[in-house]
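The values are calculated or read from the model by the stated rules, or taken from the named source; none is laboratory data. Being a predicted model, the structure only gives us computed values, none of them experimental. Note that we place each Cβ from the backbone using ideal geometry, even for glycine, and neighbour counts take in every protein chain shown. Remember, those area values only see protein heavy atoms, side chains included, never the ligands or the DNA or RNA. Shrake-Rupley method; radii C 1.70, N 1.55, O 1.52, S 1.80 Å.
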Amino acid sequence: MIAKSLKGRSAAMDPGIWSKLPPELLELILSFLPLKTLLNLRSTCKHFKSLVFSPSFISKYSSASLFSSFFLLSHPQCYSNFPLYDTTRGAWRKLALPLSFLPPSAAQFNLLSSCNGLFCFSLPNSSSLLVCNLLAKSSRPIQFPFFPFAFEMLTLVSTPHGYKIFLLCSKFSSNYAFVYDSKVHSWRQFDGFQPLLADNFHQEGASFNGSLYFATPEPFSVVCFDLENGKWENLDTEMPRELTFVRLVSNTDEGKLYMVGGIGRNGISRSMKLWEMGDGGNWVEVERLPELMCRKFMSVCYHNYEHVYCFWHQGMICVCCHTWPEILYCKVSRRTWHWIPKCPSIPDKWSCGFRWFSFVPDLYTLA
């Protein structure tokens, strides 16, 4: 009967009907559109362009949409072309990331960090950083605090009012920490940590309770840097015995801090475990990597743990090696370990330089 009642009517929408539709109902309908269609709507009229960025619509769209999330692979040989692994569908995807909107100074860049839909690149040609949202096609160049400027460690951190960038810089015989705040668009300089903070500059700081947490080289300990006041603090916590390497990672949504570490003697790991920071500041063992998977991972890194780094992604703790094109991850809620398969487009001759990042697209995160 519905088909008969529609017979003979124009396929075009009746403007009389849509003009009388309540605004809140129109917003709800549009919130269920695919992201690509929603982006195309911005150029149709001023109303849709302003609607897409209105607070009420952002709230509806964020709750109604089911975004895919990705592992993004950066490698010197795939310059400006980043393979993506869709963690929602469990498959590799060939997606062309929109880089044409970037400024001319970004003709050469190195991807350093990602957070909350944002990426942070270094621009060697212009001695600056570039923070961008590839989905929203927005970017902001950030000049270094001074010239020449060399740094060893960078971490991009999401904050309630934007983001902060932490840099650890060694100048002459001293270490300095620099923090950029997007809210005020300026750098602040603080004292660094003595002795040298880490022997692995692939590992970023773990954001936890307003501070960045780092593991020191042997004898292993944990230190934190307060992003607001710039003070360093040694954590008074007992570390597990027979550690061969330590990496920290955090779940910022739930406010949890985790530690991944190798267990063994004489620098040789025989097992790998996962701990969580307990309420009393002590480390509570959560899970142990199965023996066969541990053997594979240790053979991959050849016990050169300076190549090992970790990050958090959508309920997963990812353990990666700079010399291996696969990801080992732990599904924390299920306490199970898995391997992400190698990207089929990566040649076998690529033996090092693999850097993985968490990519959770967010249209409304501002650069």
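Brief remarks on what is shown
- In this label model, R89 and K296 are separated by 2.4 nm, measuring between points 7 Å along each Cα→Cβ vector.
- In this structure, the residue pairs whose Cα-Cα separation is over 22 Å, taken from K49/K137; K46/K137; K256/K296; K273/K349; K164/K256; K164/K331, are K256/K296; K273/K349; K164/K331.
- Cα centroid of the stretch 276-295 to Cα centroid of the stretch 138-166, whole Å: 32
- Where labels lie 7 Å past Cα in the beta-carbon direction, separation of E242 and C78 in nm: 3.8
- log10 of Debye I(q)/I(0), alpha-carbon scatterers only, for the stretch 294-346 at 0.15, 0.20, 0.22, 0.31 Å⁻¹: -0.42, -0.73, -0.86, -1.25
- The stretch 68-366, accessible surface, carbon-and-sulfur percent (1.4 angstrom probe): 49
- Restricting the stretch 223-321 to trypsin sites (Lys or Arg not before Pro) in coil, as DSSP defines it, with at most 12 other Cβ within 10 Å: K231, R241
- Sequence-ordered 3J(HN,Hα) estimates for the stretch 156-170 from the Karplus curve with 6.51, -1.76 and 1.60 and θ = phi - 60° stand at 9, 10, 7, 10, x, 10, x, 7, 10, 10, 9, 10, 10, 10, 9 Hz, glycine and proline given as x.
- Note on N40/Q189: beta-carbon distance plugged into 1/(1 + (r/R0)^6) with R0 of 41 Å gives a FRET efficiency of 0.40.
- Those aspartates and glutamates that a straight Cα-Cα span of less than 17 Å connects to K231, excepting residues fewer than 8 apart in one chain: D181, D191
- Spin-label model, N234/D279: points 7 Å from Cα along the beta carbon direction are separated by 2.8 nm.
- Tail fraction, Cα-Cα pairs, the stretch 204-246, threshold 14 Å, whole percent: 48
- Zone of T159's modelled label, taken as backbone nitrogen in the stretch 343-367 under 17 Å from a point 7 Å along Cα→Cβ: 365-367
- Size-normalised alpha-carbon gyration radius of the stretch 68-366, reference 2.2 N^0.38 Å: 0.97
- Across the options Q314, I340, C352, the greatest Cα extent toward the positive end of the charge dipole of the stretch 309-357 (unit charges at beta carbon of Lys, Arg, Asp, Glu) belongs to Q314.
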